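A.B. asks: Structure below; questions to follow.
The values are calculated or read from the model by the stated rules, or taken from the named source; none is laboratory data. A quick note: this is a predicted structure, and the numbers were derived from the prediction, not measured. Positions of Cβ are generated from backbone atoms using ideal geometry, with glycine treated the same way; all protein chains shown enter the neighbour counts.
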Amino acid sequence: GDVFTYDPGFTSTASCESTITFIDGEKGELLHRGYPIDQLAEKSHYLEVCYLLLYGELPSVEMLEDFEARVNRHTMLHEQMMNFFRGFRRDAHPMAIMTGVVGAMSAFYHDSTDISDPWQREVASIRMIAKLPTIAAMAFKYSVGQPFVYPRNDLDYASNFLRMCFAVPAEDYVVDPILSRAMDRIFTLHADHEQNASTSTVRLAGSSGANPFACIAAGIACLWGPAHGGANQACLEMLREIGTVDRIPEYIARAKDKSDPFRLMGFGHRVYKNFDPRAKVMKQSADEVLDLLGFENNPTLQVAKELEAQALQDPYFTDKKLFPNVDFYSGIILEAMGFPTSMFTPIFALSRTVGWISQWKEMIDDPVQRIGRPRQLYTGAPRRDYVDIENR
Ligand code: CMC
């Protein structure tokens with residue numbers, strides 16, 4: 001019969017050609033359209049990086065203004081969407097709410113989303129980048145029992161999100177520029193990461209010609225798992241559980257014990273075998289932000305730094321090339337900003353939406369792409385005849 005390459009976990013299969021993101025795992029390098037992530041994190045900002053990912057080049061002043069205005073025009077949700085939030089139990093995980101609500105957007109924009117029309121693809125892309133922060137913030141508000149806060153389009157993307165999360169009625173809310181900058185940097189550091197599990201999911205879903213909102217919902221579902229985007233929540237919960245530096249050796253011993261399923265969350269990466277360049281920026285950011293917010297003696301940050309130091313002296317981790325990844329320090333910043341752990345992965349999801357959409361658009365435009373259809377190595381029973389139930 002046919003012979004297939006057996007590649008569980010796709011460690012050696014390139015599923016597409018792409019011009020968006022380049023990763024050199026040995027060198028710890030991450031480039032978006034050629035630009036290094038550390039330069040983008042420091043000098044650029046999230047919506048400019050969105051533009052770069054979507055269109056391939058850095059924008060001029062006018063192009064960026066136009067892009068930002070287009071995004072701002074689409075931040076509101078249809079009022080009927082509120083019914084979807086209200087259908088969830090009040091303690092629903094915000095990732096469950098996001099998967100449902102983003103999937104439901106396909107019903108609101110089905111007839112107006114003909115993916116063979118480049119303009120409609122463009123509008124769908126802008127809608128998703130614009131509405132995901134509103135959806136994530138409303139999932140948060142719902143979980144804390146507060147009224148929804150509608151978007152304010154005179155604010156920048158990060159400030160608007162913070163306000164939608166933290167403003168309460170009858171109180172003035174002024175966005176702290178330190179928080180806004182930190183938020184924007186977290187968005188930027190998560191914007192794209194080539195063919196990771198959730199992005200591959202979006203491409204595979206999209207390869208059948210499915211509605212793009214439904215494809216992004218599939219990406220959100222995949223991101224939720226603790227081996228992927230869910231690691232930021234799992235990491236902070238682990239750091240809290242460790243609690244004090246004297247308990248670190250116990251947890252390191254557990255992570256090394258093959259009979260114990262426990263892993264150091266926020267450690268290790270499929271592609272980075274030296275360091276994760278996003279983790280470097282995130283660590284520096286955690287130091288700055290916690291300092292500015294007066295949390296410099298934050299016990300969780302101290303446990304994180306000591307855990308990193310001890311793990312990096314242990315041959316188990318160095319031999320297997322396990323280093324802190326982007327999720328190791330992001331949760332500490334988000335916690336200091338006032339987010340509950342359940343919001344960490346939704347924030348990852350809204351940041352990654354632009355990456356998913358850029359990759360989806362690239363796939364639709366690629367004449368070589370066909371429906372994604374992996375093969376398998378069948379190891380089940382050979383052909384056999386059906387046996388009537390009374391004879392089994
Ligand atoms: N703690 C302890 N041991 C680990 C860890 C860890 N965090 N990660 C990998 N290992 C060991 C693993 O047990 C295996 O050992 P052995 O070769 O003796 O069987 C070896 O290292 C290779 O691990 P793997 O699971 O085969 O590697 P993978 O490339 O399939 O998985 C990973 C990569 C990120 C899923 C994994 O490192 C992991 O589970 N890390 C913790 C979760 C995490 O932080 N995920 C976030 C990833 S970055 C953000 C994102 O893009 O989502």
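A.B. asks: Out of all the residues in the range 248-261, which are more than 8 Å from the ligand (Cβ to nearest atom) and under 22 Å from Ala279 (Cα atoms)?
C.D. replies: If we filter the range 248-261 for residues that are more than 8 Å from the ligand (Cβ to nearest atom), which is where we start, we get 248-254, 257, 259-261.
Result: Ile248, Tyr251, Ile252.
A.B. asks: Restricting to the range 62-93, give me the number of residues that are closer than 30 Å to Ser342 by Cβ, acidic (Asp, Glu) and surrounded by 11 or more Cβ atoms within 10 Å (Cβ to Cβ).
C.D. replies: The qualifying residues number 1.
A.B. asks: With the requirement that a residue be modelled with pLDDT of 90 or more, among the polar types (S, T, N, Q) and under 22 Å from Cys50 (Cβ atoms), what does the range 103-146 give you?
C.D. replies: Result: Ser106, Gln120, Ser125, Thr134.
A.B. asks: In this structure, does Glu57 turn out to be outside any helix (DSSP H, G or I) and either touching a helix residue (DSSP H, G or I) at 6+ places or on another chain (Cβ under 9 Å) or over 18 Å from Ala191 (Cβ atoms) (or both)? Write out each step before concluding.
C.D. replies: Numbers: outside any helix (DSSP H, G or I): yes; either touching a helix residue (DSSP H, G or I) at 6+ places or on another chain (Cβ under 9 Å) or over 18 Å from Ala191 (Cβ atoms) (or both): yes.
Judged against the criteria, Glu57 is a match.
A.B. asks: Further question on the same structure: Can you work out which of the residues in the range 262-271 that are within 18 Å of Leu239 (Cβ to Cβ) and surrounded by fewer than 20 Cβ atoms within 10 Å (Cβ to Cβ) is farthest from the ligand (Cβ to nearest atom)? Don't jump to the end; show me each part of the working.
C.D. replies: The first filter runs over the range 262-271 and keeps only residues within 18 Å of Leu239 (Cβ to Cβ), leaving 262-268.
Next, from what is left, pick out any that are surrounded by fewer than 20 Cβ atoms within 10 Å (Cβ to Cβ): 262-263.
Values: Phe262: 8, Arg263: 4 Å.
Per the criteria, the residue is Phe262.
A.B. asks: Give just the number: which of (1) in contact with a Lys or Arg (Cβ under 9 Å, 6 or more places away or on another chain); (2) not in a helix (DSSP H, G or I) does Met282 not satisfy?
C.D. replies: The single condition Met282 does not satisfy is (2).
A.B. asks: I would also like to ask the following. Restricting attention to the range 1-16, report how many residues are surrounded by fewer than 10 Cβ atoms within 10 Å (Cβ to Cβ) and either in contact with a strand residue (DSSP E or B) (Cβ under 7 Å, 6 or more places away or on another chain) or part of a loop (DSSP other than H, G, I, E, B) (or both).
C.D. replies: Step one: filter the range 1-16 for residues surrounded by fewer than 10 Cβ atoms within 10 Å (Cβ to Cβ), giving 1-3, 5-6, 8-9, 11-12, 14.
Okay, now just the ones that are also either in contact with a strand residue (DSSP E or B) (Cβ under 7 Å, 6 or more places away or on another chain) or part of a loop (DSSP other than H, G, I, E, B) (or both), so 1-3, 5-6, 11-12, 14.
Residues meeting the conditions: 8.
Residues are listed down the side, and each one gets a yes or a no for (1) within 16 Å of the ligand (Cβ to nearest atom); (2) crowded, with 23+ Cβ neighbours inside 10 Å; (3) within 27 Å of Asn72 (Cβ to Cβ); (4) of a type outside the set (Ser, Thr, Tyr):
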position: Ala167; (1), (2), (3), (4): no, no, yes, yes
position: Tyr173; (1), (2), (3), (4): no, no, yes, no
position: Asp176; (1), (2), (3), (4): no, no, yes, yes
position: Thr201; (1), (2), (3), (4): yes, no, no, no
position: Gly209; (1), (2), (3), (4): no, no, no, yes
position: Gly225; (1), (2), (3), (4): yes, no, no, yes
position: Gly230; (1), (2), (3), (4): yes, no, no, yes
position: Gln233; (1), (2), (3), (4): yes, yes, no, yes
position: Asp246; (1), (2), (3), (4): no, no, no, yes
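A.B. asks: Any residue at all in the range 221-237 that's over 26 Å from Gly338 (Cβ atoms) and modelled with pLDDT of 95 or more?
C.D. replies: Step one: list which residues in the range 221-237 are over 26 Å from Gly338 (Cβ atoms), which gives 221-222, 227.
After this cut, where a residue has to be modelled with pLDDT of 95 or more as well, the list is 221-222.
Within the range 221-237 (the criterion being over 26 Å from Gly338 (Cβ atoms) and modelled with pLDDT of 95 or more), the answer is yes, since at least one residue qualifies.
A.B. asks: Further question: Among the numbered criteria (1) in contact (Cβ under 8 Å) with a residue 24 or more places away in the chain; (2) more than 30 Å from Val102 (Cβ to Cβ), which single criterion is violated by Ile389?
C.D. replies: (1)
A.B. asks: I'm told Cys215 meets every condition in (1) within 14 Å of the ligand (Cβ to nearest atom); (2) assigned by TED's automatic domain parsing to the domain that holds Arg33 except one. Can you identify the failing condition by its number?
C.D. replies: Among (1) within 14 Å of the ligand (Cβ to nearest atom); (2) assigned by TED's automatic domain parsing to the domain that holds Arg33, the lone unmet condition for Cys215 is (1).
A.B. asks: Residue by residue through the range 68-83, note down the ones that are of a type outside the set (A, V, I, L, M) and under 22 Å from the mean Cα position of the chain (by Cα). Before you say what the answer is, go through the steps one by one.
C.D. replies: First, pick out the residues of the range 68-83 that are of a type outside the set (A, V, I, L, M): 68, 70, 72-75, 78-80, 83.
The answer is Glu68, Asn72, His74, Thr75.
The rows are residues; the columns are (1) touching a strand residue (DSSP E or B) at 6+ places or on another chain (Cβ under 9 Å); (2) free of Cβ contacts under 8 Å to residues at least 40 places away in the same chain; (3) in the same structural domain as Asp192 (by TED's automatic domain parsing).
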{"position": "Glu241", "(1), (2), (3)": "no, yes, no"}
{"position": "Ser259", "(1), (2), (3)": "no, yes, no"}
{"position": "Phe262", "(1), (2), (3)": "no, yes, no"}
{"position": "Phe267", "(1), (2), (3)": "yes, no, no"}
{"position": "Val271", "(1), (2), (3)": "yes, no, no"}
{"position": "Asp276", "(1), (2), (3)": "yes, no, no"}
{"position": "Leu292", "(1), (2), (3)": "no, no, no"}
{"position": "Gln313", "(1), (2), (3)": "no, yes, no"}
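A.B. asks: Give the residues of the range 308-348 that are over 18 Å from Ala182 (Cβ atoms) and away from the ligand (no atom under 11 Å from the Cβ), sorted by residue number.
C.D. replies: Passing the criteria: Glu308, Ala309, Gln310, Leu312, Gln313, Pro315, Thr318, Ser342.
A.B. asks: Further question: Tell me, yes or no, whether the range 27-46 has at least one residue that is touching a Gly at 6+ places or on another chain (Cβ under 7 Å), touching a residue at least 40 places away in the same chain (Cβ under 8 Å), assigned to a helix (DSSP H, G or I) and within 27 Å of Gly100 (Cα to Cα). Walk me through how you get there before you give the answer.
C.D. replies: First, the residues of the range 27-46 that are touching a Gly at 6+ places or on another chain (Cβ under 7 Å): 33.
Okay, now just the ones that are also touching a residue at least 40 places away in the same chain (Cβ under 8 Å), so none.
No, that holds for no residue.
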